[in-house]
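Reading through the structure tokens given below for one structure.
The values are calculated or read from the model by the stated rules, or taken from the named source; none is laboratory data. Everything numeric in this text was worked out from a predicted model, so none of it was measured. Note: ideal-geometry Cβ built from the backbone for every residue, glycine included; neighbour counts use all protein chains shown. SASA here: full protein model, heavy atoms, side chains in, ligands and nucleic acids out. Shrake-Rupley method; radii C 1.70, N 1.55, O 1.52, S 1.80 Å.
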Amino acid sequence: MKALDELTFDNRFDRLGDAFSAHVLPEPIDNPRLVVASPAAMALLDLDPSVAETPEFAELFSGHKLWADAIPRAMVYSGHQFGSYNPQLGDGRGLLLGEVYNEAGEHWDLHLKGAGQTPFSRMGDGRAVLRSSIREFLASEALNALNIPTTRALCVIGSDTPVWREKQERAAMILRLAPSHVRFGHFEYFYYTKRPEQQKELGDHVLAMHFPQCLEQPEPYLAMFREVVERNAELIAKWQAYGFCHGVMNTDNMSILGITFDFGPFAFLDDFDANFICNHSDDQGRYSFSNQVPIGQWNLSALAQALTPFISVEALRETLGLYLPLFQAHYLDLMRRRLGLTTAEDDDQKLLESLLQLMQNSSVDYSLFFRRLGDQTPEQAITRLRDDFVDLKGFDAWGELYVARVSREGTLDQEQRRQRMHAVNPLYILRNYLAQNAIEAAQNGDYSEVRRLHTVLSNPFEEQPGMESYAERPPEWGKHLEISCSS
Ligand code: AMP
Ligand code: MG
């Protein structure tokens with residue numbers, strides 16, 4: 001275990017120089033205090049969870065104090081936002097404080113979001129509000145607990161600093177951890193500004209730091225692109241399998257590592273709805289739940305375009321062609337497991353699609369359905385679940401197919417089946433209304449609910465005594481919350 005002042009910095013991105021980022025110091029927020037910290041994320045830096053309670057912790061993650069070896073930098077990038085190219089983005093309110101190594105030799109970027117204005121702030125104030133910082137914190141740690149690749153969140157620090165959104169709110173900062181903060185938009189920036197040498201410097205850096213295995217391939221850039229395609233196919237399969245809606249899949253919000261990145265008005269599905277749009281400024285539904293799959297490919301094509309100086313168009317096209325089949329294979333594999341199937345049959349896809357259609361028509365709770373399916377034997381579970389469906393005849397027909405399908409798996413030990421299914425079907429999901437309750441309490445100075453919710457979501461597959469209410473369907477008011485995209 002390390003003390004806070006014992007973190008070892010090695011600022012590799014800083015060494016790339018001023019063409020890639022600007023040196024900026026964080027602007028402190030007033031009267032900083034700990035809202036919530038993640039012991040699991042702290043462990044990634046070898047930090048003892050108790051140091052989160054020290055004044056020094058709040059000072060370091062609110063801009064009041066800085067490690068001597070940290071060289072904070074705002075990164076420059078661009079990207080496609082809602083389909084249109086925006087030539088100038090960049091860290092407008094976040095800073096890469098520095099890069100840290102842990103005792104296992106892993107390397108983590110420390111990124112402080114809400115740290116004040118930078119050369120890339122445009123009209124923005126450089127701040128983040130408490131509400132959105134708590135949402136990002138909870139989602140990062142919840143996704144991680146669901147085994148979905150994501151940036152991590154170390155802590156949220158609250159303050160008295162006023163900020164204006166639709167109304168006056170309070171500023172907060174969130175400390176985000178990731179092995180890299182390089183986005184698709186980084187490559188686009190150097191491509192569209194026609195700076196191939198710098199683009200190559202960036203590419204070589206990313207290859208050496210994050211894809212060293214690709215350096216042994218005859219075409220390292222192509223091998224790297226292939227890995228990015230593979231990782232994104234797998235990531236988005238997980239989002240779809242667990243009902244996660246990112247909300248703003250702009251290419252500046254896509255990580256080169258294929259991890260969930262830059263949380264905005266995200267949501268986990270309550271009722272299953274393929275057409276769900278979590279971002280209420282997304283009028284066209286470009287980033288609706290089911291559109292995440294083709295948008296994943298669209299974003300990879302945008303990256304491919306930016307890589308044309310290094311890879312032939314033909315090879316890029318062929319590699320892009322891998323995305324959809326890979327996505328489908330991962331998705332079906334995950335959904336088979338959620339259904340408690342250990343073997344594969346040709347008609348499984350159909351069985352799944354007809355279930356989702358029935359769920360859609362009857363507004364069935366997506367997470368609880370799968371959890372309950374494993375609670376009892378298939379026959380018992382189907383009998384219990386049928387009450388949730390409007391189309392009873394349709395569900396009965398599906399239930400018969402499902403029971404027959406499970407019986408073809410061989411002899412069934414229900415206890416084993418339950419354990420196997422519960423290990424992939426969470427009981428606790430970050431529902432919008434749960435986040436909302438925690439945020440409202442925190443805005444009134446009570447952080448106990450955020451902390452409790454974080455603890456519950458850190459262990460989503462295990463039943464936790466006393467936490468039954470977190471596993472319930474949302475109340476009616478909680479299903480239709482409009483999540484502001486201002487953050
Ligand atoms: P986002 O929608 O959060 O992914 O942000 C898109 C771009 O706007 C990024 O370049 C952000 O850094 C920038 N941005 C968002 N909010 C602010 C803010 N309050 N102040 C300055 N820049 C911001
Ligand atoms: Mg962003």
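Some values worked out for this structure:
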item: Highest to lowest packing among 253-266, 29-42, scored as the average C-beta count within 10 Å; result: 253-266, 29-42
item: Approximate spin-label separation S362-D413, in nm, with each point projected 7 Å along Cα-to-Cβ; result: 3.2 nm
item: Nearest-0.05 FRET efficiency for E53 and R384, computed from C-beta distance (R0 45 Å); result: 0.50
item: Sum of -39500 (n - 2.57) over DSSP H runs of 4+, divided by residues of the chain (222 nm, nearest 500); result: -12500 deg cm²/dmol
item: Net +/- balance of residues flanking N459 in space, Cβ distance below 13 Å, scoring K and R +1, D and E -1; result: -2
item: Efficiency of FRET from Cβ geometry, A344 and A423, R₀ 22 Å, rounded to 0.05; result: 0.70
item: Virtual spin-label span in nm between A104 and D375, 7 Å along Cα→Cβ; result: 3.5 nm
item: Two-site label geometry, Y433 and E6: point separation in nm, points 7 Å out along Cα→Cβ; result: 4.6 nm
item: Per residue value of the accessible surface for the chain (all protein chains in place, 1.4 Å probe), Å²; result: 40 Å²
item: Sites Q213 and K393, calculated FRET efficiency, Cβ-Cβ separation with R0 45 Å, nearest 0.05; result: 0.25
item: Full-stretch length increase - A43, S301 - with 0.36 nm per residue and alpha-carbon distance subtracted; result: 89.2 nm
item: Point-charge dipole on Cβ atoms (K/R +1, D/E -1) for the stretch 345-487, about Cα centre, debye to 20; result: 180 debye
item: Student exercise, the chain dipole from Lys, Arg, Asp, Glu Cβ charges, in Debye to nearest 20; result: 580 debye
item: Total lysine pairs under 22 Å (Cα atoms) in the chain, excluding pairs fewer than 8 apart on one chain; result: 5
item: Cysteines, the chain, no other Cys beta-carbon under 4.7 Å; result: C155, C214, C485
item: Environment charge at R337 (Cβ cut-off 12 Å; Lys +1, Arg +1, Asp -1, Glu -1); result: +3
item: Within-12-Å neighbourhood charge of T118 [Cβ basis; K, R +1; D, E -1]; result: +2
item: Extended-chain gain in nm, criterion 0.36 nm per residue less alpha-carbon gap, F82 and S469; result: 135.6 nm
item: Translational diffusion coefficient (Stokes-Einstein; Kirkwood radius from C-alpha pairs) of the stretch 339-422 at 37 °C, 0.692 mPa s, in µm²/s; result: 253 µm²/s
